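Report on the structure given below.
What follows draws every value from the coordinates through simple rules; no lab data is involved. What you see is a predicted model, and the numbers here were worked out from it, not measured in a lab. Methodologically, a virtual Cβ is constructed for each residue, glycine included, from the backbone with ideal geometry; neighbour enumeration extends over all protein chains shown.
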Amino acid sequence: MKLYLLTLTLTSSLAACGSRTEANRDTLTQAVNGYLSKRGDLCLGKYDWPIEVSAQEFQNGGRNAIQLPVLEKLGVVRSTVLSASEHSQQDAYSQQGAHSQQGAAAFAARRYELTEDGKKYYLKREAAGMHARPADFCAAKLSLDKIVGWEVHHNGAQSEAVVTYTYRVNAAPWAQDPDAQRVFPAVARVLSGAGKAQLREVFALTGHGWAAKDSFD
């Protein structure tokens, strides 16, 4: 009886190990779910706060000048005017929008910082790659809708699966505002593509199953 149980245990363990290394809907669904749970945040590339925007940047009309006043209107950032002596000279993207060019010329810079509500969307992120940033301001979280298909490629001893899938989106309330989607068109595209648009991710076979390749970059 003991020998039978030992044989059954070993057989079950080997079967489980084999199933983890197979490319099928179950294993790849698990892989995509794991990937999106860690890396599925849709973020805006606004890593460091506060953000200072000079009068010149307002006059030139750049990304932050268009975007940050909208975020202020939606209650996730607030701004203060800085005099020339207070302006830190930090690099910032140019801006336009809620302040006129005449108004922009009247001050040295405007400093934007996150409100208490806005801090909820400034998320720590799992680092991946040499130039990864530890935190970012994020608009939504993606999760798996369904696996559409996959292709397996063998590169020497390395097996890779290119997985195509559709996604669901849990968007921040402010990200659903038409003005926010106007100034963040990439966010608008992702939100409108929920359940329809297809994404692809490359997974590599490891000793523990399938893992996204960009986890190793």
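Taking 0.36 nm per residue of separation and subtracting the Cα-Cα distance, what length does fully extending A197 through K73 add? Could you put the intermediate results ahead of the total?
On the way: separation 124, 0.36 × 124 = 44.64 nm, distance 3.00 nm.
So the chain would gain 41.6 nm between A197 and K73.
Please work out how much length the chain gains when fully extended from K146 to S159, using 0.36 nm per residue of separation minus the C-alpha to C-alpha distance, in nm with one decimal. If you can, show how the numbers build up before the last one.
Values: separation 13, 0.36 × 13 = 4.68 nm, distance 2.23 nm.
Separation in residues times 0.36 nm, less the Cα-Cα distance, equals 2.4 nm.
With a/c under 1.5 counting as rounded, go ahead and sort the range 140-217 into rounded, prolate or oblate using the C-alpha gyration tensor (a ≥ b ≥ c being the square roots of the eigenvalues; past the cut-off, prolate if a/b is larger than b/c, else oblate). Walk me through the numbers on the way to the answer.
Working: a/c = 3.08, a/b = 2.56, b/c = 1.21.
In terms of gyration-tensor shape, prolate.
Cα to Cα, under 19 Å, and not fewer than 8 places away if on the same chain: which lysines meet these conditions relative to K73?
Straight-line reach from K73, under 19 Å: K46, K119, K120.
Expected output is a single nm value to one decimal: the length gained when fully extending between D214 and S37, i.e. 0.36 nm times separation in residues minus the C-alpha distance. What is it? Each step should come with its number before you reach the end.
Values: separation 177, 0.36 × 177 = 63.72 nm, distance 1.44 nm.
Difference between extended and current length: 62.3 nm.
Where Lys and Arg each count +1 and Asp and Glu each count -1, what net charge lies around V148 among other residues with Cβ under 13 Å from its Cβ? Before the final figure, lay out the partial values.
Values: positive: R25, K146, K196, R200; negative: D145, E151, E201.
Residues close to V148 contribute a combined charge of +1.
Between A186 and A132, what FRET efficiency follows from the Cβ-Cβ distance if R0 is 22 Å, with the result rounded to 0.05? List each step's numbers first, then the result.
Details: r = 19 Å, r/R0 = 0.87.
Working from the Cβ atoms, E equals 0.70.
Could you tell me which chymotrypsin sites (Phe, Trp or Tyr not before Pro) in the range 174-217 are loop residues by DSSP with no more than 13 other beta carbons within 10 angstrom of their beta carbon? Please report the intermediate quantities before stating the final value.
Values: sites: W174, F203, W210, F216; in loops: F216.
Filter output for the range 174-217: F216.
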